[in-house]
Every structure is written in structure tokens, then in C-alpha cells.
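A quick write-up on the structure given underneath.
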């Protein structure tokens, strides 16, 4: 199985500060079709997950452009340019290139 | 508006069976592969199964292979998860997902 290693485990930031979350996979996430099926998901407290980014860097509809995704092969990053109160929750990276699909363990973003 | 509404989660004894349903609306259900993802209490996300658009291809994580069956009825825009031989470790909130969209989840508790 592809192991997704997320760091840090938690982040405590003030509103307006930038955030960066790393996700490393144990093998390349480039699919045989040439696409890289790496997504980022946010789960706010008490809510179901919501996808923010897919195919490494494409923002889902309605996601603020303060979010950005980058990376390739086995190393990926989610960045928030300026954290806002609505951004708190747990962020997961998720690969859908190889079965079984696997998630990172999550990064909890708390507001300072 | 895309809506995914899960149902069927209850308290069940180990070894028994249960069937979850997910009613979809707001998109052309038959055009998209679908999946079930679960989350044990206070834990992270875990992919369970995926089904192709026609239902002709299904994929499972090893721990549920042979016990769970994912299926779909495109005429009814409904996704199913038949769960047999349930174990305590299957206790979780089960989410129906289109990958871009997630339902609110249904709680399955396996306990004697």
C-alpha cells in the first residue's frame, strides 16, 4: 500500500499567518494515464470532509485562492497564504492513483 | 446542488449484516465512479471501496474484501454497501463520496 506521510501533525497559527503542510508518498503518484491523483481535503470540526484541491494543484469550485497545492511524484505541499478562522480543522492528503486509495494521517490546524 | 444522503447505519452485533444506502441528486449519477470511505471514532479517513460508473468494476481494501459488497442502481441514483460478517473494527462513520463531494455520513456501530 502507498503510505502517505503528512507533516506537521498540528499547526497553531494566528489569523493572517501563512500555513504549509507537507505530504510525502512512499511511491510515485503518477498514474499510467499521466495524471497525478493527489487531493487535499479539509474536515472542519463536526463536519464531513470537503475536497479543496485535486490533481495536485487544481482548486475545487468555491475554494478561496489563498489555498494552493504543488508538488510532483512523491512530494506535495498545501499552502494557505493567510489563515482565516474558517480554515481550522484537519487537513488530509489523499492519493487515488494506486489501489488501495490511502490518506495521510491528517494535520490539525488550530487558531492561536 | 449535489447531495449525497447516506442511511442505514445502526448498532449491530458482531457477525451480523447491514446494508448502507446513499441517495444521490444534483448530478448525473451514472456518469461518475463512486466510493465509500469510513472514519472510526476520533480516527482518520480510510477508503473502503470504489465502483465504476456501470458497476462492472469494483475495488475493495483487503480488510473488507469478501465481506463487503459495493453496488449501485443508476436508475435510482443510489449507491449501496452490503456489509456482512461485521467486526468491531468496522465501527465507523461511513461516507458516500463522489470524491469532489461527500455525504454527511452514517454511523455504524458493531458491538455486542
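The values are calculated or read from the model by the stated rules, or taken from the named source; none is laboratory data. Keep in mind it's a predicted model, so treat the numbers as computed, not measured. Ideal geometry is used to build each Cβ from the backbone, glycine not excepted, and the neighbour counts take in all protein chains shown.
What to note about this one:
- Residues in region B:33-52 that are under 17 Å from residue A:92 (Cα atoms) and assigned to a loop (DSSP other than H, G, I, E, B): 5 in all.
- Every condition in (1) in a strand (DSSP E or B); (2) away from every other protein chain (no Cβ under 13 Å); (3) without any contact (Cβ under 8 Å) to a residue 24 or more places away in the chain holds for residue B:55 except the one numbered (1).
- For region A:73-87, a residue qualifies if it is touching a strand residue (DSSP E or B) at 6+ places or on another chain (Cβ under 8 Å), farther than 21 Å from residue A:25 by Cα and either modelled with pLDDT under 95 or surrounded by fewer than 19 Cβ atoms within 10 Å (Cβ to Cβ) (or both), and the qualifying residues are A:81, A:85.
- One residue alone among B:64, B:37, B:48 is in contact with a helix residue (DSSP H, G or I) (Cβ under 7 Å, 6 or more places away or on another chain), closer than 23 Å to residue A:103 by Cβ and at pLDDT 95 or above, and that residue is B:48.
- Leading residue by the ranking (surrounded by the most Cβ atoms within 10 Å (Cβ to Cβ)) among those in region A:1-28 that are within 14 Å of the chain's Cα centre (by Cα) and more than 11 Å from residue A:93 (Cα to Cα): A:11
- Entry remark, region A:29-39: residues being more than 14 Å from chain B (Cβ to nearest Cβ) and surrounded by 14 or more Cβ atoms within 10 Å (Cβ to Cβ) number 3 in total.
- Residue count, region B:41-55 (criterion: loosely packed, with under 13 Cβ neighbours inside 10 Å and under 19 Å from residue B:22 (Cβ atoms)): 1
- Filtered by the rule that a residue be closer than 22 Å to residue B:52 by Cβ and surrounded by fewer than 14 Cβ atoms within 10 Å (Cβ to Cβ), region B:4-29 gives B:19, B:25, B:26, B:28.
Conditions tested, residue by residue: (1) in contact with a strand residue (DSSP E or B) (Cβ under 8 Å, 6 or more places away or on another chain); (2) within 12 Å of chain A (Cβ to nearest Cβ).
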{"residue": "B:6", "(1), (2)": "yes, yes"}
{"residue": "B:9", "(1), (2)": "yes, no"}
{"residue": "B:15", "(1), (2)": "no, no"}
{"residue": "B:25", "(1), (2)": "yes, no"}
{"residue": "B:36", "(1), (2)": "yes, yes"}
{"residue": "B:41", "(1), (2)": "yes, no"}
{"residue": "B:45", "(1), (2)": "yes, yes"}
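- Selection status of residue A:112, away from every other protein chain (no Cβ under 11 Å), modelled with pLDDT under 95 and surrounded by fewer than 16 Cβ atoms within 10 Å (Cβ to Cβ): yes
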